[in-house]
Structures are given as C-alpha cells and as structure tokens.
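Notes follow once the structure below has been shown.
A short reminder: the numbers here are calculations on the coordinates, not readings from a lab. From a predicted model like this one, the values you see are computed outputs, not experimental measurements. Glycine gets a Cβ as well: all are built from the backbone with ideal geometry, and neighbour counts include every protein chain shown.
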Amino acid sequence: MKRYASHYLLWPGVGYLKQFAVEVQDGYAVRVYPCMQERESVEWHPGVLLLATEKETQTKEPSFFHHPVLSAEKLPENTESLLTREKRKAILLYPFDFISLRPVGETRHIPLP
C-alpha cells in the first residue's frame, strides 16, 4: 500500500480536501485522511491529487473542477465504503492554478501507482 499527499485532494462530488492523504492499493484509492504534517510513509507531491473514476478521467468539462474546499469535519463519514464502491484512481494534476482551483494549459495528469 502506498500513501500520497498534496496541498489539495479533489474528490468529485465531495469537494477539495485541504492537506489530505490518500492510500492507494492495487491502483485504487482505499482510504483518505487528514495529513497536516509530514509523515515517514507518505509521499508528498505538488499540485492536486484527483480521485477519479474511469469515466471522470475522460471529462474535459470546466465545471468538473467547481467544488467547495472542505475541512476534515465536513468529510462524509462513509468515505471508505464510497471508495470501495466507486473504484477511484489517484491522479496527480501538476502544475495547478490554486487561485482559480483549476488546471492550467500545461497541467499533466500523472496516475499514481
């Protein structure tokens, strides 16, 4: 199991989660949790970590990125069951415009193993 963190984690339908980490197993996200400081087993990345289904990775809609920024207190309680049911991959979006919270023309989509 690998763990990744970034300034923001974008979970479509939920929102932007500030300073969260994601655990990835067999290519899919299995858990998300707050990560306010560096931890030995967490790999930090610049940009945004996108948790996306296969269908969502294909979208080019600008509205896809219109989500609120949420705190840990507003995270749905059933996140692990949501991740199991939806099969979401973790994708690094970098570079990313943090002011408008959307990708820029040079943004790369890098799947995390």
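Below, the figures for the structure above:
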| read-out | value |
| --- | --- |
| For region 31-38, Karplus couplings with θ = phi - 60° (6.51, -1.76, 1.60), whole Hz, Gly/Pro x | 7, 10, 7, x, 9, 7, 9, 5 |
| Long-range tail of P(r) for region 47-113 (Cα pairs > 20 Å, %) | 33 percent |
| Whether region 1-98 is rounded, prolate or oblate, judged on the alpha carbon gyration tensor where a/c under 1.5 counts as rounded | rounded |
| Calculated from backbone phi, Karplus (6.51, -1.76, 1.60) coupling profile of region 103-112 in Hz, x at Gly/Pro | x, 10, x, 8, 4, 9, 10, 10, x, 9 |
| Gain in span if fully extended, Glu77 to Met36, counting 0.36 nm per residue against the direct Cα distance | 12.8 nm |
| From phi via Karplus (6.51, -1.76, 1.60), per-residue ³J(HN,Hα) for region 83-91 in Hz, x at Gly/Pro | 5, 5, 6, 8, 6, 9, 8, 9, 10 |
| Amide hydrogen neighbours beyond the local backbone of Gln19, cut-off 5 Å, H modeled | Tyr8, Leu9 |
| Sites matching trypsin sites (Lys or Arg not before Pro) across region 12-89 that sit in DSSP coil, with at most 15 neighbouring C-beta atoms within 10 Å | Arg39, Lys60, Lys87 |
